[in-house]
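What follows is a set of notes on a single structure, which appears directly below.
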Amino acid sequence: NSITEIGASVFLGASGISGTITIPSSVNRLGDYAFSGCTNLSGLDIYAMLDTIPAGLCSNCTNLNGTLVIPDGVKLINKNAFYNCQGIDSINLPNSLTQIEEWAFYNNRSITKLALPQNIFVNQSAFYNCTALQTLTLKGYASLFNFVFASCTALNTINSHSATPPYFTSNTFS
């Protein structure tokens, strides 16, 4: 556990990496696109104390599956972080999370329900084409921008637990 940093693009396209990667609590910095394109990666366990999930962290890890747990303390999931990770069937988002950037979970075709923490901003196309998503729960106020849930063709239930109505653009669900 002496690793403190995993650099940008360090394992980019490393299809030989398989199984589950564990990011230990000793890591205090993850570089952008660190595991992008690791097409045989099936799991990711994050124990690091981070405030940001970096851009493209596991983008195009098409076999990443199961439950993705974003650790408590994370405030931002950056753009393309889990872009085209088609097999993630559950995402646990911490209450500390305040922002999800564009395309973060684009084309995830396995998740059926999603709960967003309160006071969150979700940017353009973050969950675009999540075709199995059926239920969205807003734990509190949410700002949902252009195309956040576009092409989420199975989405049929939205539960809001906020006294203030969420902010939607005219094409949030287009």
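The values are calculated or read from the model by the stated rules, or taken from the named source; none is laboratory data. Not measured: the values here are computed from a predicted model. Because the Cβ atoms are built from the backbone with ideal geometry, glycine has one as well, and the counts that use them run over all protein chains shown. Please note that ligands, DNA and RNA were not included when accessible areas were found on the heavy atoms of the full protein model with its side chains. Shrake-Rupley method; radii C 1.70, N 1.55, O 1.52, S 1.80 Å.
Quick check, is residue 42 assigned to a strand (DSSP E or B), hydroxyl-bearing (Ser, Thr, Tyr) and under 16 Å from the mean Cα position of the chain (by Cα)? The answer is yes for residue 42. Close Cβ contacts (under 7 Å, 6 or more residues apart or on different chains) running from residues in the stretch 148-161 that are closer than 13 Å to residue 114 by Cβ and in a loop (DSSP other than H, G, I, E, B) to residues that are aromatic (Phe, Trp, Tyr) and open to solvent by 40 Å² or more (accessible area, probe 1.4 Å) comprise 149/173. Summed over the stretch 11-23, residues that are part of a loop (DSSP other than H, G, I, E, B) and surrounded by 14 or more Cβ atoms within 10 Å (Cβ to Cβ) total 6.
Can you name every residue in the stretch 102-141 that is among the hydroxyl-bearing types (Ser, Thr, Tyr) and either over 16 Å from residue 169 (Cβ atoms) or touching a Leu at 6+ places or on another chain (Cβ under 7 Å) (or both)?
Of all residues in the stretch 102-141, those among the hydroxyl-bearing types (Ser, Thr, Tyr) come to 106, 110, 112, 125, 128, 131, 135, 137, 141.
106, 110, 112, 131, 135, 137, listed by residue number.
Restricting attention to the stretch 150-174, the residues that are touching a strand residue (DSSP E or B) at 6+ places or on another chain (Cβ under 7 Å) and either open to solvent by less than 10 Å² (accessible area, probe 1.4 Å) or of a type in the set (Phe, Trp, Tyr) (or both) total 3. Selection of the stretch 150-174 for residues being among the aliphatic types (A, V, I, L, M) and over 21 Å from the mean Cα position of the chain (by Cα) yields only 163. Look at the stretch 1-21: where a residue is charged (D, E, K, R) and a partner is assigned to a loop (DSSP other than H, G, I, E, B) and open to solvent by less than 70 Å² (accessible area, probe 1.4 Å), sitting 6+ places away or on another chain with Cβ atoms under 9 Å, you get 5/27; 5/31.
Sort through 30, 93, 76 and tell me the only one that's among the aliphatic types (A, V, I, L, M), open to solvent by 10 Å² or more (accessible area, probe 1.4 Å), modelled with pLDDT of 95 or more and out of contact with any strand residue (DSSP E or B) (no Cβ under 6 Å at 6 or more places or on another chain). Spell out how you get there, then give the answer.
Details: 30 fails: out of contact with any strand residue (DSSP E or B) (no Cβ under 6 Å at 6 or more places or on another chain); 76 fails: out of contact with any strand residue (DSSP E or B) (no Cβ under 6 Å at 6 or more places or on another chain).
The match here is 93.
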